[in-house]
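Participant: Below is one structure. I have some questions about it.
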Amino acid sequence: MSTRNLIRNLPGLPTSDGAGVKLTRLIGQPMLDMLDPFLLLDAFGSERGTDYIAGFPEHPHRGFETVTYMLAGRMRHRDNQGNSGLLVAGGAQWMTAGAGLIHSEMPEQSDGEMRGFQLWVNLPATHKMIAPRYQDIAPEQIPVLTPAAGASVRLIAGEVFGARGPVQGILTQPLFVDIALAASATLTLTLPAAHTAFVHAFEGAGVQVGDTWLAAQELGVLGAGEQIELRAADAPTRLILVAAAPLREPVARYGPFVMNTPQQIQQALADYRAGRI
Ligand code: CO
């Protein structure tokens, strides 16, 4: 079986979004505008309320999916269709925006640690205008696998090691795992050879990926292959590994709208202004 190596390593770009939430943008930045089907990856994390308290007030989305994975803190989600939910540490929300919605994501705390990720996953042209759908995943719904000595895997979406994650029915067949490795521990995963995949080590000193090295806090883009071999540095390491089938379709994006053509972006803006989202 062929082993995947990193074909790109890049640091995140410190920025802010929403009403001034400090975050690090790993995908959707000048060095990597997208990684088909992934449109954006933000890492947020602070123990200072002033870095996140303004939150993400009302904003629209159309044409893709937003995935929020919380590591620490509490965030309240509300939309213009009457849906509301609380995102808590260790939980996830897979929101299929489809034809569109307007929502807010606001911290439910004024101080203390707030930490997590938001990932945007594109929808195929045939499904950009489907009805919105939520999968709110509580921490206890996420299986914790121990497939090797010193390795613990939280399986949010996809199938690996004979288990299946709670997020279901996503067209790009994603795998989303949060992996904790003890110092020098190794783990080998198998996934579809042609799926786009990336790794981000957010705790520890970095991780060996096949024959290549990924420093902590960087994003590592994987080349094609069936197997991924991970080896932690000489310190406990925690990382996310995410993979999905690329769409290979034209992308037209403008802020929170991601469609296939500029005309569809104009339509999204017109619909938003007319109150049709
Ligand atoms: Co949003």
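The values are calculated or read from the model by the stated rules, or taken from the named source; none is laboratory data. Quick caveat: nothing in here was measured; it's all calculated off a predicted structure. Quick reminder, even Gly has a Cβ in these numbers, built from the backbone with ideal geometry, and neighbours come from all protein chains shown. These area figures cover heavy atoms from the full protein model, side chains too; ligands, DNA and RNA do not enter into them. Shrake-Rupley method; radii C 1.70, N 1.55, O 1.52, S 1.80 Å.
Participant: Return the pairs, sorted by first residue and then second, in which the second residue is of a type in the set (Ser, Thr, Tyr), the first residue lies in segment 6-18 and is more than 12 Å from residue 199 (Cβ to Cβ), the beta carbons are less than 6 Å apart, and the residues are 6+ apart or on different chains.
Facilitator: The qualifying pairs are 12/24; 14/24.
Participant: Which pairs have Cβ atoms under 8 Å, sit 6 or more apart or on different chains, and link a residue in segment 149-167 that is under 13 Å from residue 178 (Cβ atoms) to one that is hydroxyl-bearing (Ser, Thr, Tyr)?
Facilitator: That search, which allows pairs on different chains as well, returns 151/186; 152/146; 153/146; 156/69; 160/190.
Participant: Moving to a separate point now. What tally of residues in segment 191-207 results from selecting those that are within 20 Å of residue 161 (Cβ to Cβ), open to solvent by 10 Å² or more (accessible area, probe 1.4 Å) and not small (Gly, Ala, Ser)?
Facilitator: Looking only at that region, the number is 3.
Participant: Can you find, within segment 252-277, the residue that is farthest from residue 18 (Cα to Cα) among those that are within 16 Å of the ligand (Cβ to nearest atom), in a strand (DSSP E or B) and not charged (D, E, K, R)?
Facilitator: Of everything passing the filter in segment 252-277, 258 is farthest from residue 18 (Cα to Cα).
Participant: Let me ask you something else. Considering each residue of segment 217-239, count those that are in a loop (DSSP other than H, G, I, E, B) and open to solvent by less than 30 Å² (accessible area, probe 1.4 Å), and give that number.
Facilitator: Qualifying residue count for the region: 4.
Participant: Among the residues of segment 106-118, is there at least one that is open to solvent by less than 10 Å² (accessible area, probe 1.4 Å), of a type in the set (Gly, Ala, Ser) and touching a residue at least 40 places away in the same chain (Cβ under 8 Å)?
Facilitator: Yes, segment 106-118 contains a residue that is open to solvent by less than 10 Å² (accessible area, probe 1.4 Å), of a type in the set (Gly, Ala, Ser) and touching a residue at least 40 places away in the same chain (Cβ under 8 Å).
Participant: Please count how many residues of segment 240-277 are touching a Leu at 6+ places or on another chain (Cβ under 9 Å), open to solvent by 50 Å² or more (accessible area, probe 1.4 Å) and of a type in the set (A, V, I, L, M, F, W, C).
Facilitator: Count: 1.
Participant: Suppose the filter is free of Cβ contacts under 8 Å to residues at least 40 places away in the same chain and within 27 Å of residue 191 (Cβ to Cβ); does residue 226 pass it?
Facilitator: For residue 226, the condition - free of Cβ contacts under 8 Å to residues at least 40 places away in the same chain and within 27 Å of residue 191 (Cβ to Cβ) - is not met.
Participant: Would you tally the residues in segment 54-82 being open to solvent by 40 Å² or more (accessible area, probe 1.4 Å), assigned to a strand (DSSP E or B) and more than 14 Å from the ligand (Cβ to nearest atom)?
Facilitator: 1
Participant: Out of everything in segment 95-105 that is at negative phi and within 13 Å of the ligand (Cβ to nearest atom), what residue ends up being surrounded by the most Cβ atoms within 10 Å (Cβ to Cβ)?
Facilitator: Residue satisfying both the conditions and the ranking: 97.
Participant: A follow-up question, please. Which of the residues spanning segment 22-55 are of a type in the set (A, V, I, L, M, F, W, C) and within 17 Å of the chain's Cα centre (by Cα)?
Facilitator: Selection gives 23, 26, 27, 32, 34, 35, 38, 39, 40, 41, 43, 44.
Participant: For segment 194-214, how many residues are assigned to a loop (DSSP other than H, G, I, E, B) and at pLDDT 95 or above?
Facilitator: 5
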